[in-house]
Every structure is written in C-alpha cells, then in structure tokens.
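Remarks on the structure that follows.
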Amino acid sequence: VDFVVNSHPDNDHAGGLLYVLENMTVGQLWMHRPWEHSSLIRDYFHDGRMTDESLARRLQEKMSAAYALELVADKRDIQICEPFAGSQIGIFTVLSPTRDRYIKELLPLFEKSPELKKESSTLESIIDKAVEIIGRAADHWDKEFLPETVQTSAENESSAVLFAKTERHGYLLTGDAGIETLRASAAYASSLGYDLASQVTFVQIPHHGGRHNVSTETLDMIVGMPLAIKLDSPARTAFVSAAKAAPKHPKRVVTNAFQRRGFRVAQTKGMSIYHFYGSDMRPGWVQLNYVPFYA
C-alpha cells in the first residue's frame, strides 16, 4: 500500500488500520498526531499543573488507537506525515484542515469535560428524535429537512478531507467532517481552481450518514444543488460506511439529500463493498444494491 490515511484519531477510524500496518508493506502513513502539538495548546487549558508532557500523555491515552498506529509505524520504519490543507497524497489533495485552524481552533476542544459532553448529548438526543419524526412524516423530493445549525465534535471537524480530479471523475473523501470543515474544504478547493459542486462524481458521505455533519447549504457547496426531478440512472455515486448493528445510521434524511443531488447511494451495514474493473465476476460477489429514496 503506497499511502494509508487515518482521517482523524477517533478510535473507530484508527483501530482497523493497525492490522494493515502490521501485515502489509506501507509506504507512508498520513495521520494527525495531536500529542505532537501539546506545547502549542497547553496554554488553552486552565490547569497550572499541566505540563507539555502530561497533556501529550492525556491525548495519547484518549486517542489510543491512533497512538498505536504511530508506534507501529515507527517500529516498521514507515514515514509519518500530517495531512494539512495543501498536502499531496498521491493523486489526492488535502483540502482541510489548515495547520493553523487545527492547532488554534480544533485541538483545544479535543479535551472537553465528560460532564459537558453528557449534558449536551442528552439535549441533542431529544432534538434528534423530534427532527427524525418530522423528517419521516414529511420528506418529499422537493422539500429537504436538514437543519442549518448542526454541530459535531472538534475531533470530527479535524478530519482530513481529500479530493482527487481525473479526466472524467472527481473523488471526495470526507471522513467524519462537519459543516464547518466541509465549507472550508469547498472554499480551499475553489482557491485551487476546483468546483466541487460540479466536479465530484464520487463522494464518501461523512460520519456514517449522521445528521449532524451536513446541511442543505453545505451540500449545495460540496456536491451541488438539488435536481428538479429524480434521475432513473444517476451518474454519480455516494458510499456510506455504517455498522451493521447501528440502528440509526445512515439517516434517511441524509441519503435522500444526496439522491436529490444526482447520487445513487450505497451503504455497508454488514456488507463489504468490492470494486473491480474489466475482470471476470468472482465467486461470492453480488451486484451492489442502492438504497431507495424514502418518501
């Protein structure tokens, strides 16, 4: 494998990569290492007893799966690079986050207190339920029920967003990015001469199809405006990675939103997605199914 990219250090995104690093030949590992920046962010915390070393240890423990990747990479002499905006990873360009935003705005929020998270999640679950009921009852092709004020964690917003443009296709990989990072990605892409809204032909739907990472305005920026009518054979494709046992992901209001913009949407949900081109069918391979538009 030439390049392994860990989009962000959440354990569910870093954990499976350990097997790849231990069992395959890897050229480069691209990952953020929050603990490497402890000396730059320590002053943001109101704890006079904290040292650069103790903050680094806290971050390493909090993101143990990502830290394990670093240890294995060092042991196997795999080069580690941090994916900041402008970095080139093969044919992919990193669109976000910038190094400055990552260190000054996102990293200091990685260490929220558990109490704040618990209170916030209780309120969010109540709002989620209400929006879910409304969306299920009222979703139509010409109406979209994605709120504009959604938020996700700073860890998710730190996701490396990658874009590659070939002659015929544009590939956008979003990790768990939220609306702030997706908008920043669209702006940075524009500065490079790319128009994501018209050039993206394949997109990975952020954060397992969760509702806290996309809004109508944001989707308009990164994949284009909704279409007037539903296409019989959409030319664009969206994949969403969601656990088989996750009852709420992907959200129907989210997969509907991508379909409105001319995407056919496929989900994992316990199914492995394989891709082959110009070769014979293989035993055990089946035609990929796409989720319907939920009215």
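Each of D232 and D74 was given a label point 7 Å from its Cα along the Cα-to-Cβ line. The distance between the two points is 6.0 nm. In a fully extended conformation the segment linking L288 and I91 would gain 68.3 nm over its present Cα-Cα distance, using 0.36 nm per residue. Give me the percent relative contact order of the stretch 190-246, please, defined on Cα pairs under 8 angstrom at least 6 residues apart. Relative contact order here is 49 percent. In terms of accessible area, using a 1.4 Å probe and ignoring ligands and nucleic acids, T149, T181, T166 rank largest first as T149, T166, T181. In sequence order, the stretch 234-239 has phi-based couplings of x, 8, 10, 10, 10, 10 Hz under the Karplus curve 6.51 cos²θ - 1.76 cosθ + 1.60, θ = phi - 60°, and Gly or Pro positions carry x.
Site pair K248 and F3 shows an inter-label distance of 3.4 nm when each label is modelled 7 Å from Cα along Cα→Cβ. The listed residues K244, K165, K251 rank as K244, K165, K251 when sorted by accessible area, largest first, using a 1.4 Å probe. Placing pseudo-labels 7 Å out from each Cα toward the beta carbon at T149 and E22 gives an inter-label distance of 4.6 nm. Remark: accessible surface ordering of S87, S241, S215 (largest first) is S241, S87, S215, probe radius 1.4 Å. For the stretch 201-295, with all protein chains in place and a probe radius of 1.4 Å, 57% of the accessible heavy-atom surface sits on carbon or sulfur. For the residue pairs K62/K269; K75/K269; K165/K244; K143/K248; K230/K269; K62/K251, the alpha carbons lie more than 30 Å apart in K75/K269; K165/K244.
The values are calculated or read from the model by the stated rules, or taken from the named source; none is laboratory data. For clarity, every value in this text was computed on a predicted model and none was experimentally measured. All Cβ positions, even for glycine, are placed from backbone atoms using ideal geometry, and neighbour counts span all protein chains on display. The area values use the complete protein model at the heavy-atom level, side chains included, leaving out ligands, DNA and RNA. Shrake-Rupley method; radii C 1.70, N 1.55, O 1.52, S 1.80 Å.
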